[in-house]
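Colleague: Handing you this structure, nothing more for now.
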Amino acid sequence: MKSIQATFEINGHEVTLSSAPNRTLLEVLRQDLGLTGAKDACGGEGECGACTVIMDGKAVNSCLVFIGQVQGCSIETIEGLSGNGDLHPLQRAFVEVGAVQCGYCTPGVIMASKALLNENPHPSDEDIREGLSGNLCRCTGYVKIVDAVRIAAEQQPRR
Amino acid sequence: MTEETLTLGKSELRKDAWDKVTGAAQYVADIPLTDLCHAVIVRSPLHYGRILGINKSAAQNIPGVLRVLAAEDIPGNKIFGPLLQDQPSLAIDIVRHLGEPVAIVIADNLETARMASELVKVEYEPLEPVFDPGQSLKPGGPRLHPEGNLAAQFDIQDGDIEAGFAEADVVLENTFSVPRISPAYMEPENSLARWNEDGLITVWVSSQHPFTDQVFIADALDLPVEKVQVKSAVIGGAFGGKEDSSLAILAALSAWAVRGAVRIVNTRNESFLAHPKRHPALIKMKLGAKRDGTLVALRAMSHMDTGAYASYGPAVGIIFTETLAGSYRIPNVHFETFVAYTNSPLSGAMRGFGSPQSHFALESMLDMLAAELDMHPLALRRKNMLRPGDKMFTGVVVNDTANSLPICLDQAEAIIKRFSQIEPAPGKTVGVGMALAAQSMGLGAKVPDDSTHRLEWSPDGDVYVHLGSPDMGQGLAMAAEQVTAEALGLPYEVVKTIPLDTLTSPNGNVTCASRMTYMVGNALIDAADRLIQQLLDEAARMMNFPREQLSYQVGRVVCPDGQKVDAAEIASRVADDGRTLQCESTFSFPYPEETTPQHLPIGMPHVIFCFGAQIVRVEVDPEIGNVDVTHLVAIHDVGRVISKPAVEGQIEGAVATGLGYALYEEMPLKEHQQWVDSFTEYLIPTTKDVPLNYEIIILEVPEASGPYGAKGIGEIPLVPTAPAVANAVYDAVGVRVKSLPLTPEKLIKI
Ligand code: FES
Ligand code: FES
């Protein structure tokens with residue numbers, strides 16, 4: 001298969017790489033860029049949300065995005081969230097309320113939460129549940145995840 | 001709890017959480033190794049068949065393919081199994097379930113391995129499969145294993161069952177069925193192995209029992225165990241399902257065969273087909289009671305489907321049987337349980353381990369009996385609940401922790417009253433239901449259950465916990481660190497857990513059976529005591545004081561002259577001698593001979609139980625049969641809270657799984673005899689499926705043998721959920737559904 005070239009921004013840095021066109025963003029992140037925070041939990045079927053990253057401000061399942069589609073886009077992954085060792089408020093809230101158990105779903109859940117707060121900085125619990133309904137977690141029953149997102153949202157300045 | 005604690009019961013932060021929220025945590029699939037090869041398993045397309053031939057050559061000739069392996073390439077034991085040696089690592093002559101590993105293709109990249117795996121030509125003669133455990137035990141069907149199709153059988157009696165039923169004023173008889181469900185941890189199974197120049201094989205696992213993996217790998221490769229190093233990676237959930245060594249063996253075999261490094265990662269679909277599930281079961285139950293509600297007799301005949309291989313099926317059969325009488329005193333019982341082989345995917349350990357199945361039947365029956373007797377379900381339970389000093393049907397005398405049962409029921413009464421006053425949403429019918437639950441702790445009598453862990457005082461002042469059992473994500477490490485900090489009088493921050501490595505860690509035994517906090521806590525309290533003694537011995541020697549004049553105080557040795565010396569200082573002088581200030585301790589699950597009945601099969605009885613209750617309010621749409629759990633209260637006794645968020649986290653997660661069991665999860669055969677094998681069809685609860693109104697009540701009735709009084713909480717919170725929902729649905733619409741899950745069709749069909 002002929003390779004294609006893709007240039008895009010990843011966590012604020014521009015990268016150009018060549019890849020077979022049938023590869024997904026998730027594969028490229030994990031295999032080519034060594035960014036293994038995004039996970040595969042459903043076999044790339046778009047069912048689990050463990051692979052969630054932010055693409056041009058919106059949460060996407062990176063297992064459903066082909067590499068050609070990211071040309072010119074800006075991608076944010078969990079690895080880009082904490083600048084110089086400081087946790088992002090969402091990350092801090094997840095740690096503080098105990099919303100992390102096995103942690104396998106966590107990067108995806110946090111990225112989906114970040115996209116949610118970008119769009120709706122002060123969501124109701126219902127909004128949080130709606131916004132995270134594509135992210136499966138088998139450990140927490142979601143109670144503390146919703147708590148964490150609410151707490152992180154409360155810490156944002158009201159507009 | 002009035003006494004001051006240092007860290008016990010406090011909301012400490014999990015130390016592994018930082019890596020997990022930043023994406024730095026390394027699960028097996030994330031570990032970078034140079035020259036890593038990838039393996040893909042060739043799996044059986046048949047439920048049952050004879051292998052006539054395997055032609056590897058087309059795959060072998062693809063550039064990039066290093067090896068194609070089949071059973072003949074395994075140098076040592078080709079068969080493994082945690083309880084019964086019945087499971088081939090790669091199929092030998094026969095395939096017994098869809099998805100069974102037949103061969104394995106190793107290539108220098110994943111794409112090539114995948115593509116080549118399709119070129120391995122396996123010729124089969126299809127055989128007629130059997131999926132029903134009752135059918136499988138009838139004569140004339142296929143014989144799946146040389147010893148027959150019965151993996152285990154239990155026949156337990158107490159009292160006089162005939163006399164019991166003769167005494168009964170009311171007798172109810174019903175049949176219940178519970179489905180096969182998947183543990184559905186988010187991280188699919190995987191393993192990574194590297195063959196090292198010196199002949200050592202290093203294997204990274206996501207496993208509840210690395211020391212067992214080590215033995216099976218050594219056995220398969222015909223190596224001494226010390227040539228196999230198993231390391232615990234970060235585990236992405238396990239719930240019992242990762243008490244299975246199959247991928248660890250295959251990864252090690254592959255690395256050994258290519259003299260390199262090889263990773264295997266299951267797809268979700270492979271996980272569904274080829275990894276242990278919760279046992280489906282058919283339970284026939286007959287319950288007799290007096291007019292006043294006194295239970296007098298319980299008979300059960302049950303068939304459990306353990307699938308193609310036994311895995312932990314026989315042990316699941318034990319706990320299932322032992323929990324058939326739940327939290328109740330029933331003088332006459334007779335339980336027969338058959339654990340049968342079929343051509344279904346294998347069933348094994350999963351959170352609850354038999355108890356969710358037995359409780360669905362029993363707790364449903366109790367509500368049916370209450371209706372028959374025109375008694376309140378709570379009153380019926382109160383009349384029959386176990387009390388301290390009661391003898392269970394196994395002969396075990398119930399300990400003081402049964403004092404939690406009346407508290408559960410009192411609380412439940414108030415909650416039921418409160419729930420009953422909430423107005424239904426328009427067009428909905430409301431119901432409230434509850435269930436009690438009992439869950440055993442430990443592996444059962446006569447099963448060796450030693451758990452060893454080590455503490456090390458490092459010269460930098462930190463104390464390291466060398467945990468001998470993996471933290472599967474539930475937070476075992478935090479519990480271990482808190483207990484250690486409490487016992488040594490140190491801040492939680494300075495106690496740190498070292499990841500498990502079979503070369504250097506003590507053997508803490510498998511992480512399972514609601515007993516880890518209990519085992520680890522007890523071992524570490526003892527290790528801490530002895531570490532302090534060692535510290536004082538060293539200090540006495542170093543400073544030339546008589547030993548008895550020294551004392552220990554929060555990380556320091558106090559000398560008779562008032563001088564205080566940091567433990568770190570002593571540790572560093574011990575290190576200068578080339579030694580380490582450390583102490584190991586083993587805790588053995590106690591089955592006191594005087595009080596543990598000896599007449600039962602191996603693994604029976606269990607002697608310590610956890611108790612709890614759940615109350616749910618449901619709204620049912622009578623038109624479409626949809627069940628919405630709007631309110632839920634979970635009341636659970638943990639003996640003593642070590643970490644509140646962790647206890648809550650266990651309850652919240654287990655309840656969600658319990659709701660999935662109640663309402664949607666099942667893995668049936670669909671058209672063309674394929675199993676449901678993806679999250680597209682197998683639904684697990686999402687954020688929108690857990691009740692908005694959720695309350696947890698934690699009881700602390702101390703367990704005398706537990707660390708600071710603590711006992712287990714990992715499994716029990718998913719046990720009462722499904723029967724509580726079924727009872728609430730009955731309360732709402734008067735329909736008694738006797739099979740899980742409670743899908744809308746079952747509600748409107750009747
Ligand atoms: S891997 Fe499951 S949604 Fe992408
Ligand atoms: S924390 Fe384990 S899957 Fe969410």
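The values are calculated or read from the model by the stated rules, or taken from the named source; none is laboratory data. All values derive from a computational prediction rather than experimental measurement. Ideal geometry is used to build each Cβ from the backbone, glycine not excepted, and the neighbour counts take in all protein chains shown. Just so you know, the surface numbers come from the protein's heavy atoms only, side chains and all, with ligands and any DNA or RNA stripped out. Shrake-Rupley method; radii C 1.70, N 1.55, O 1.52, S 1.80 Å.
Colleague: Test of understanding: among B:TYR552, B:TYR492, which residue is under 19 Å from B:ALA646 (Cβ atoms), touching a residue at least 12 places away in the same chain (Cβ under 8 Å) and in contact with a helix residue (DSSP H, G or I) (Cβ under 6 Å, 6 or more places away or on another chain)?
Modeller: B:TYR492
Colleague: What pairs come out if I take residues in the range A:122-146 that are within 7 Å of another protein chain (Cβ to nearest Cβ) and touching a residue at least 60 places away in the same chain (Cβ under 8 Å) and pair them with residues that are more than 9 Å from ligand 2 (Cβ to nearest atom) and among the acidic types (Asp, Glu) whose C-beta lies under 8 Å away, six or more apart or interchain?
Modeller: Correct list of pairs: A:LEU136/A:GLU47.
Colleague: Which ones in the range B:463-488 are in contact with a His (Cβ under 9 Å, 6 or more places away or on another chain) and within 17 Å of B:LYS231 (Cα to Cα)?
Modeller: Once the filter is applied, which keeps residues that are in contact with a His (Cβ under 9 Å, 6 or more places away or on another chain) and within 17 Å of B:LYS231 (Cα to Cα), the range B:463-488 yields B:VAL465, B:HIS466, B:LEU467, B:GLY468, B:SER469, B:PRO470.
Colleague: Okay, next question. Can you confirm whether B:ALA300 is under 25 Å from the mean Cα position of the chain (by Cα), assigned to a loop (DSSP other than H, G, I, E, B) and more than 24 Å from A:GLU45 (Cβ to Cβ)? Write out each step before concluding.
Modeller: On the way: under 25 Å from the mean Cα position of the chain (by Cα): yes; assigned to a loop (DSSP other than H, G, I, E, B): no; more than 24 Å from A:GLU45 (Cβ to Cβ): yes.
The answer is no for B:ALA300.
Colleague: Out of all the residues in the range A:32-59, which are touching a strand residue (DSSP E or B) at 6+ places or on another chain (Cβ under 7 Å), on the phi > 0 side of the Ramachandran plot and within 13 Å of chain B (Cβ to nearest Cβ)?
Modeller: A:GLY44, A:GLY46, A:GLY49
Colleague: Could you identify the single residue in A:LEU25, A:LEU29 that is open to solvent by less than 10 Å² (accessible area, probe 1.4 Å), within 16 Å of ligand 1 (Cβ to nearest atom), over 25 Å from B:MET472 (Cβ atoms) and more than 14 Å from every other protein chain (Cβ to nearest Cβ)?
Modeller: Exactly one of A:LEU25, A:LEU29 is open to solvent by less than 10 Å² (accessible area, probe 1.4 Å), within 16 Å of ligand 1 (Cβ to nearest atom), over 25 Å from B:MET472 (Cβ atoms) and more than 14 Å from every other protein chain (Cβ to nearest Cβ), namely A:LEU25.
Colleague: Let me ask something else about it. Quick check on the range A:81-110: of everything there that is in contact (Cβ under 8 Å) with a residue 60 or more places away in the chain and open to solvent by less than 30 Å² (accessible area, probe 1.4 Å), which residue is farthest from ligand 1 (Cβ to nearest atom)?
Modeller: So the residue we want is A:ALA93.
Colleague: When you go through A:ILE54, A:ILE10, A:ILE4 one by one, which is the residue that is within 16 Å of ligand 1 (Cβ to nearest atom), aliphatic (A, V, I, L, M) and over 24 Å from B:VAL234 (Cα atoms)?
Modeller: A:ILE54
Colleague: I've got another one for you. Consider only pairs whose beta carbons are under 9 Å apart and that are at least six residues apart or on different chains; among these, list those whose first residue lies in the range B:3-31 and is free of Cβ contacts under 8 Å to residues at least 24 places away in the same chain and more than 7 Å from chain A (Cβ to nearest Cβ) and whose second residue is away from ligand 2 (no atom under 15 Å from the Cβ) and not in a loop (DSSP other than H, G, I, E, B).
Modeller: B:ALA24/A:GLU79
Colleague: Also, quick follow-up: Which residues, counting only those in the range A:67-104, are within 22 Å of A:GLU154 (Cβ to Cβ), more than 9 Å from chain B (Cβ to nearest Cβ) and modelled with pLDDT under 95?
Modeller: A:GLY83, A:ASP86
Colleague: While we're on this one: With the condition kept exactly as written, say whether any residue in the range A:135-149 is out of contact with any helix residue (DSSP H, G or I) (no Cβ under 6 Å at 6 or more places or on another chain) and either polar (S, T, N, Q) or away from ligand 2 (no atom under 16 Å from the Cβ) (or both).
Modeller: Within the range A:135-149, none of the residues are out of contact with any helix residue (DSSP H, G or I) (no Cβ under 6 Å at 6 or more places or on another chain) and either polar (S, T, N, Q) or away from ligand 2 (no atom under 16 Å from the Cβ) (or both).
Colleague: Condition first: open to solvent by 30 Å² or more (accessible area, probe 1.4 Å), more than 16 Å from ligand 1 (Cβ to nearest atom) and within 23 Å of A:PRO157 (Cβ to Cβ). Now tell me which residues in the range A:121-147 satisfy that.
Modeller: Once the filter is applied, which keeps residues that are open to solvent by 30 Å² or more (accessible area, probe 1.4 Å), more than 16 Å from ligand 1 (Cβ to nearest atom) and within 23 Å of A:PRO157 (Cβ to Cβ), the range A:121-147 yields A:HIS122, A:SER124, A:ASP125, A:GLU126, A:ASP127, A:ASP147.
Colleague: If you go through the range A:52-59 one residue at a time, do you hit one that is of a type outside the set (Gly, Ala, Ser) and within 16 Å of ligand 2 (Cβ to nearest atom)?
Modeller: Yes, that holds for at least one residue.
Colleague: Report yes if some residue within the range B:176-185 is within 25 Å of the chain's Cα centre (by Cα), within 14 Å of another protein chain (Cβ to nearest Cβ) and either open to solvent by 20 Å² or more (accessible area, probe 1.4 Å) or among the β-branched types (Val, Ile, Thr) (or both); otherwise report no.
Modeller: There is at least one residue in the range B:176-185 that is within 25 Å of the chain's Cα centre (by Cα), within 14 Å of another protein chain (Cβ to nearest Cβ) and either open to solvent by 20 Å² or more (accessible area, probe 1.4 Å) or among the β-branched types (Val, Ile, Thr) (or both).
Colleague: State whether the residues of the range B:315-327 include one that is closer than 19 Å to B:CYS512 by Cα and outside any helix (DSSP H, G or I). Outline the logic, then answer.
Modeller: Pass one, the range B:315-327, residues closer than 19 Å to B:CYS512 by Cα: B:315-323.
Add one more test, that the residue is outside any helix (DSSP H, G or I), and what stays is B:323.
Scanning the range B:315-327, I find at least one residue that is closer than 19 Å to B:CYS512 by Cα and outside any helix (DSSP H, G or I), so the answer is yes.
Colleague: Here's a check for you: in the range A:93-115, which residue that is out of contact with any strand residue (DSSP E or B) (no Cβ under 7 Å at 6 or more places or on another chain) and farther than 20 Å from B:ALA477 by Cα is nearest to ligand 2 (Cβ to nearest atom)?
Modeller: Only one residue tops the list, namely A:VAL109.
Colleague: Would you pick out the residues in the range B:464-480 that are outside any loop (DSSP other than H, G, I, E, B) and closer than 22 Å to B:GLY653 by Cα?
Modeller: Once the filter is applied, which keeps residues that are outside any loop (DSSP other than H, G, I, E, B) and closer than 22 Å to B:GLY653 by Cα, the range B:464-480 yields B:LEU476, B:ALA477, B:MET478, B:ALA479, B:ALA480.
Colleague: Go through the range B:634-644 and count every residue that is in contact with a Lys or Arg (Cβ under 7 Å, 6 or more places away or on another chain) and either farther than 18 Å from B:ARG515 by Cα or among the aliphatic types (A, V, I, L, M) (or both).
Modeller: 1
Colleague: For the range B:269-311, what are the residues that are surrounded by fewer than 24 Cβ atoms within 10 Å (Cβ to Cβ) and not aliphatic (A, V, I, L, M)?
Modeller: B:ASN269, B:GLU270, B:HIS275, B:LYS284, B:LYS286, B:LYS290, B:ARG291, B:ASP292, B:GLY293, B:THR294, B:ARG299, B:HIS303, listed by residue number.
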